[in-house]
Amino acid sequence: MATVQEVTSESAFQSEISSLPQSTVAVIYFHAPWAAPCKQMSVILSTLASTYPADAPIKFVALDAEELPEIAEQYDVSAVPFIVLQRGGQALETVSGSDAAKVRAAVEKYAGAGSGAAKTSLPPAQTVSKPPQTNGADTNGAKNLAGYAPNASDPNTAPEYSSGDAETSKEELNARLGELVKAAPVMLFMKGTPSAPQCGFSRQTVALLREKGIRYGFFNILADDEVRQGLKEYSEWPTFPQLYAEGELVGGLDIVREEFENDPEFLKEHSVTGQKGGPGAASAQTQAPIAS
């Protein structure tokens with residue numbers, strides 16, 4: 001039966017992927033040892049792999065996203081668990097999160113269903129049947145908001161005030177982003193907060209800045225999707241975290257780490273003992289002039 005092969009180096013990964021026949025589906029699984037959802041996904045993938053014979057045209061490969069950041073960046077991995085299905089070097093589909101049914105459906109879509117006995121321990125393919133409904137109520141009389149449709153007498157709803165003409169224009173968004181990246185002399189756009197990072201790359205960046213004693217502001221991009229999507233285009237940098245200094249993009253974790261390794265004086269003027277610096281780990285989202 002097939003198994004999930006852990007790859008521990010970039011060269012080993014490239015060798016493994018390049019040696020696959022063009023018709024073989026590669027299931028590339030990015031994980032992190034500290035992330036609880038990854039432990040669940042590891043079990044799911046091992047079970048799924050065992051349903052395929054060893055000579056099936058499918059290959060399961062696992063990588064620690066933090067140990068192999070260049071590969072993770074190549075596949076635009078911003079959170080784990082993250083799975084990429086590819087064939088002949090071309091990405092077919094990606095799955096983010098630990099939903100077993102989604103992973104199974106994606107794998108079977110391109111590789112067909114496995115035939116091993118372990119298949120019975122995987123969740124069945126999901127089907128959805130829609131019960132008869134009235135406007136906003138199910139057959140038991142309980143409110144079903146998924147089926148609700150407002151009528152003319154209903155009050156205005158929140159979406160009316162958050163979409164359509166009220167949507168931020170690109171010019172307004174770029175102006176806001178231009179202010180945000182300067183909200184502190186050093187600004188970190190991250191997933192989560194310094195006390196509770198939501199991805200390993202953000203966690204490592206926070207630890208690095210803390211180790212170097214850098215004072216910085218931060219912005220939780222998970223709390224504002226407009227900023228999250230807009231900043232990718234604004235900075236021409238598709239992943240997070242992103243570090244800015246004096247309003248200029250430094251880069252992501254790898255580049256920040258390289259800057260510190262190559263230049264002992266990097267950002268020293270913004271350190272706790274330096275002359276400059278914004279509030280240490282202060283959130284730009286709490287600053288009224290920026291959020292307005």
Within segment 174-210, residues open to solvent by 10 Å² or more (accessible area, probe 1.4 Å) and part of a helix (DSSP H, G or I) come out as Asn174, Ala175, Arg176, Gly178, Glu179, Phe201, Arg203, Gln204, Ala207, Leu208, Arg210
What pairs come out if I take residues in segment 81-101 that are without any contact (Cβ under 8 Å) to a residue 40 or more places away in the chain and pair them with residues that are open to solvent by 60 Å² or more (accessible area, probe 1.4 Å) and of a type in the set (Lys, Arg) whose C-beta lies under 8 Å away, six or more apart or interchain? Glu93/Lys109; Val95/Lys102
Enumeration of residues in segment 27-46 that are open to solvent by 20 Å² or more (accessible area, probe 1.4 Å), touching a strand residue (DSSP E or B) at 6+ places or on another chain (Cβ under 8 Å) and assigned to a loop (DSSP other than H, G, I, E, B): Pro33
If we keep only residues of segment 192-214 that are modelled with pLDDT under 90 and touching a strand residue (DSSP E or B) at 6+ places or on another chain (Cβ under 8 Å), then the residue nearest to Ser271 (Cα to Cα) is Pro194
If you take the residues in segment 232-256 that are open to solvent by 50 Å² or more (accessible area, probe 1.4 Å) and among the charged types (D, E, K, R), which one is farthest from Lys170 (Cα to Cα)? Glu246
When Ala49 is run through (1) open to solvent by less than 70 Å² (accessible area, probe 1.4 Å); (2) over 29 Å from Arg257 (Cβ atoms); (3) in contact with a helix residue (DSSP H, G or I) (Cβ under 6 Å, 6 or more places away or on another chain), the failure sits at (3)
The one condition Ile221 fails out of (1) under 14 Å from the mean Cα position of the chain (by Cα); (2) open to solvent by 80 Å² or more (accessible area, probe 1.4 Å) is (2)
Which of the residues belonging to segment 58-85 are open to solvent by 10 Å² or more (accessible area, probe 1.4 Å) and not in a helix (DSSP H, G or I)? Ile58, Lys59, Asp64, Glu66, Glu67, Leu68, Tyr75, Asp76, Ser78, Ala79, Val80, Phe82
Hydrophobic (A, V, I, L, M, F, W, C) and free of Cβ contacts under 8 Å to residues at least 24 places away in the same chain: does that describe Val61? no
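Can you tell which of Thr24, Thr3, Thr94 is of a type outside the set (A, V, I, L, M), under 29 Å from Trp237 (Cβ atoms) and open to solvent by 10 Å² or more (accessible area, probe 1.4 Å)?
Exactly one residue qualifies, and that residue is Thr94.
The values are calculated or read from the model by the stated rules, or taken from the named source; none is laboratory data. On a predicted model such as this, the values are computed, not experimentally measured, just so you know. In this analysis, Cβ positions are derived from the backbone assuming ideal geometry, glycine residues included, and neighbour counts consider all displayed protein chains. Surface areas here come from the heavy atoms of the whole protein model, side chains and all, with no ligands, DNA or RNA. Shrake-Rupley method; radii C 1.70, N 1.55, O 1.52, S 1.80 Å.
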